[in-house]
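A.B. asks: Please see the structure below; I have some questions.
The values are calculated or read from the model by the stated rules, or taken from the named source; none is laboratory data. Here the structure is a predicted model, which means the values were calculated and not measured. FYI the Cβ positions are ideal-geometry reconstructions off the backbone, even for glycines, and counts take in every protein chain you see. Protein only, heavy atoms only, side chains kept; ligands, DNA and RNA dropped before computing areas. Shrake-Rupley method; radii C 1.70, N 1.55, O 1.52, S 1.80 Å.
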Amino acid sequence: MIEVKRKGARSTKDLAPDILIQLNRGEIETENLVEWLAVDQRSLLAHILQQHNRATYLKPILLAIDQLKKQTVNTINEAIGTVLFEQSVKNGDQQFLQVLSYHQADMARCWATYTIGKNEQLTIEQTLEQIKPFSADTHFGVREISWMAVRHKIASNLIPSISILSRWTSHEDKNIRRFSSESTRPRGVWCGHIEILKHNPELALQILEPLKSDPERYVQDSVGNWLNDASKTQADFVRSLCQKWEIESESKETQYIIKKALRTIGA
C-alpha cells in the first residue's frame, strides 16, 4: 500500500485538533511552517521525557524557558536543546541524545542540533561532522536549525570552517551543499552577523565559486542571498564577482544567482 502524504494546515484555524495532539505527543512530523509554529514545545518535551523515563530533566528546562527575555519558537528551541545537553552531561546520558537525534518528531531533532552546538569539547571539525546528518535532514525545520545551532562556532573558527565547508559544495546532497553557503551568510536570518565576512567576503570564495551554477534552486537562493548580504557592505566586490561569473558561465542557474545577488544594488 502506498502511503499518502499528509497535507499540512494552511493556517492555525485549519489545524485539526487530533493532528495537533499527535504533533504535541511527537507521533508525527510537522508538514509546514504553520504546523511547526503551532507545536507546544513544553508539552512535546514533557511527553518525550516521560516516555523515556527522564522526567527529572523537565524542571530545569522549564525554568530556563521561563527565564528567557523573549520567548519565540527559536529561543525556546535553543533553551531546550541547551539544557538537555547540560542534563545529559550531568547524568552521563549520551543515550538520550541519540534518542533525540533519530526521533520521529522533527522538533526533537531540532533540539538535538543544539546538543552539538553547545558542546564546547568538540573541535570545529567534530562539530561540523556531527551536524552534517542534520543538514541533510528531510525536514525543513531541522535543516534550518542545524546551521543556526553551530553558526557561532563557525564564526569563531571561520577559516578552518570555510575550508571544511568548501568540500561540502561538491556533495551529491543539495541540502548539504546549501548548508555550506547558508551557514556562512554574512548577515543571515534570525542570527548574529559574521562581521569578518561582511567586510571581507572574498574569504568565502572557496564556497561560493563551486556553487555559482548549482542546478538546485534551493542552493541558488542561498548563494544569491549570501552575495546580497555582502552587497550591503561590499557592493563593489559583489558587482565584480557577478561580472566575472557572467563571463565564465552563461547558464540560467548563474543568471538567476546574479539577479538575486544584485537585487538591492543593481549592476
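A.B. asks: Give the Debye-formula value of log10 I(q)/I(0) at each listed q (0.08, 0.10, 0.17 Å⁻¹), with one equal scatterer per alpha carbon of segment 1-153, two decimals each.
C.D. replies: Once normalised to I(0) and log-transformed, intensities are -0.22, -0.34, -0.98.
A.B. asks: For the chain, what is the relative contact order in percent, using Cα pairs closer than 8 Å and at least 6 residues apart in sequence? Spell out each step's value before the answer.
C.D. replies: Values: 338 pairs, mean separation 28.2, N = 267.
After rounding, I find 11 percent.
A.B. asks: Need the full-extension length gain, S249 to D173, defined as separation in residues times 0.36 nm minus the C-alpha distance. One decimal, nm. Walk me through the numbers on the way to the answer.
C.D. replies: On the way: separation 76, 0.36 × 76 = 27.36 nm, distance 2.25 nm.
Once the chain is fully extended between S249 and D173, it gains 25.1 nm.
A.B. asks: Something else about it: Take the chain, mark every one of the GluC sites (Glu not before Pro) that falls in a DSSP loop and has at most 16 other Cβ within 10 Å, then report the longest stretch left between them, sites excluded. Provide the component values of the computation, followed by the final result.
C.D. replies: Values: sites that count: E3, E27, E120, E172, E216, E250.
Answer - 28-119.
A.B. asks: In segment 137-267, what is the volume of the convex hull around the alpha carbon atoms, normalised per residue and reported in Å³? Walk me through the numbers on the way to the answer.
C.D. replies: Working: hull volume 12.5 nm³, N = 131.
That works out to 95 Å³ per residue.
A.B. asks: Quick one: ranking D173, D14 by accessible area, 1.4 Å probe, largest first, what do you get? If you can, show how the numbers build up before the last one.
C.D. replies: Values: D173 45, D14 85 Å².
Descending order: D14, D173.
A.B. asks: Tell me which label goes with the value of Rg/Rh (Cα atoms, Kirkwood Rh) computed from the coordinates here: (1) 1.13; (2) 1.07; (3) 1.01.
C.D. replies: Matching the structure shown: (3).
A.B. asks: Full-extension gain between D236 and D93, please, as 0.36 nm times their residue separation minus the C-alpha to C-alpha distance.
C.D. replies: That works out to 46.4 nm of additional length.
A.B. asks: Give a quick list of trypsin sites (Lys or Arg not before Pro) in segment 19-116 that DSSP marks as loop, anything other than H, G, I, E or B, with at most 11 other Cβ atoms within 10 Å. All intermediate terms of the calculation are to be shown ahead of the outcome.
C.D. replies: Values: sites: R25, R42, R54, K69, K70, K90, R109; in loops: R25, R54, K69, K70.
In loop regions of segment 19-116 (DSSP not H, G, I, E or B), the sparsely surrounded trypsin sites (Lys or Arg not before Pro) are K69, K70.
A.B. asks: Give a residue-ordered list of calculated ³J(HN,Hα) values for segment 197-205 (Karplus: 6.51 cos²θ - 1.76 cosθ + 1.60, θ = phi - 60°; whole Hz; x for Gly, Pro).
C.D. replies: 6, 5, 9, 9, x, 4, 4, 9, 4
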